[in-house]
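Each reported figure results from applying straightforward, stated rules to the coordinates on display, with no laboratory input. All values reported here derive from a predicted model rather than from experimental measurement.
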Amino acid sequence: MKIAGWVLSGLIGLFLVIVSAAPKFMGIAAATDAMAVVGWPIKYLVLIGCIEVGCVILFLIPRTALLGAVLTTGLLGGALAANLRVDNPLFSHTLFSIYLGVAVWVALWLREEKLREVFPLVK
């Protein structure tokens, strides 16, 4: 289980850094257009990218993984709220934050025995 958790954590980390943060740092149209759709100024693009990378780093370090998961959940909650506010498509845009958030917590649950003790699947 632990290996599966680390593999999933790595995939999540790669996704957040390569697919989400990197386009923000490079100012790619996909990132700037998404900011315009939700009504956020472009000046926050790099800041949001830095926050994403910071959350990923915290999530991937075992000692700070729980904090990283909590902060990532908050970040994803903000993304969900922004997409919901502008009535973006529900299943592809708005709920994507939920899908990714669940994956973050499943990965952490698989990685951390202490978390499995707190939240067992069966008693």
Computed over the chain: relative contact order in percent, which uses C-alpha pairs under 8 Å that are six or more apart: 32
Highest-fluctuation residue, Ala21, Ala29, Ala107 considered, GNM on the chain with Cα pairs under 10 Å: Ala29
On a 0 to 90° scale, report how tilted helix 2-14 is relative to the longest principal axis of the chain, with both axes built from alpha carbons and the result rounded to the nearest 10. 10
Which of Val38, Val17, Val104 moves the most in a Gaussian network model of the chain with Cα springs under 10 Å? Val38
Compute the angle between helix 45-60 and the longest alpha-carbon principal axis of the chain, please, reported from 0 to 90 degrees and rounded to the nearest 10. 10
